[in-house]
1. Based on the alpha-carbon gyration tensor of the stretch 14-166, what equivalent-ellipsoid semi-axes (square roots of 5 times the eigenvalues) come out, in whole Å, largest first?
2. If you take every DSSP beta bridge whose two residues both sit in the stretch 14-166, what share of them, in percent to the nearest 5, is antiparallel?
3. Residue 78 to residue 157: extension gain in nm, 0.36 nm per residue of separation minus the Cα-Cα distance?
4. In nm, give the distance between the simple-model label positions of residue 20 and residue 6, each being 7 Å from the Cα along the Cα-to-Cβ direction.
5. Please check: in the Gaussian network model of the chain (C-alpha springs, under 10 Å), which one of 97, 39, 55 has the largest mean-square fluctuation.
6. Need the full-extension length gain, residue 35 to residue 127, defined as separation in residues times 0.36 nm minus the C-alpha distance. One decimal, nm.
7. Work out which GluC sites (Glu not before Pro) in the chain are exposed loop sites (DSSP not H, G, I, E or B, at most 15 other Cβ within 10 Å) and give the longest gap free of them.
Amino acid sequence: MATLVEIVPYDENWPRLFHQIANDLHRLLGTVVLAIDHVGSTSVQGLSAKPVIDVDITLRSLPDVPAASEKLIASGYEPRGNRWDDDMWAFMQHTSVPKQRVYLCPPGNETHRRRMVFRDYLRAHPDAAGQYASLKQTLAIAFSYDGDRYTAGKRAFVEDILRKASHR
C-alpha cells in the first residue's frame with residue numbers, strides 16, 4: 001500500500017530528538033562512527049518537513065558497514081539497501097515517533113557531502129528554505145501517494161541550490 005506524503009510544520013523538538021537519536025546510535029555502533037549528522041528538512045530551523053528525522057552516519061571505512069548494518073537491523077531498523085549506488089546504506093525505523101531514516105556511509109561519500117552542502121545552504125538562506133517549503137507542499141498535494149514522484153519533483157530545485165552553493 002502506498003504511503004501518504006505528509007508535510008508538517010517545523011517542530012521545535014526535532015533538534016533535541018536528533019541529539020537523542022544520535023547519542024543512541026553512537027552507543028550502539030561505537031568506535032566505528034566518525035560523525036553523525038542531522039540532514040534533511042527536519043535539520044533546517046523553521047522548514048516544514050515530512051515527520052522523519054534523517055541521520056547520516058559516517059563510519060571509519062566501507063568495510064565497517066556490514067557489522068554496523070547488523071547492529072542496526074538487530075535494533076529494529078529495516079534495511080533499505082544501497083541508495084544512489086554510492087555506498088550509502090539506508091535503514092528505516094518505523095516504530096519511533098518521529099520515524100527515523102538512518103544512512104551509513106564511508107568517509108568522503110559524495111551523496112553525504114551534497115546533503116550537507118544543501119542543508120547548510122538552506123540554513124544560511126531562509127528565502128531559499130521558504131521556496132523549498134512551498135515546492136514540497138505543492139508536490140505533496142500533487143503526488144500525495146507517490147513518494148518517488150514527490151522526490152523527483154524536488155530534484156531540479158536541489159541541483160540549483162547545489163550549483164549556487166558551489167559558486168559562493
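Read the figures in this text as sums done on the coordinates, not as results from a lab. For clarity, every value in this text was computed on a predicted model and none was experimentally measured. Neighbour counts run over all protein chains shown; Cβ positions are idealised from the backbone, glycine included.
1. 26, 17, 15
2. 70
3. Length gained, residue 78 through residue 157: 25.5 nm.
4. Output for this residue pair reads 1.8 nm.
5. Highest fluctuation of the listed residues: 97.
6. In short, 30.2 nm is gained.
7. 13-168
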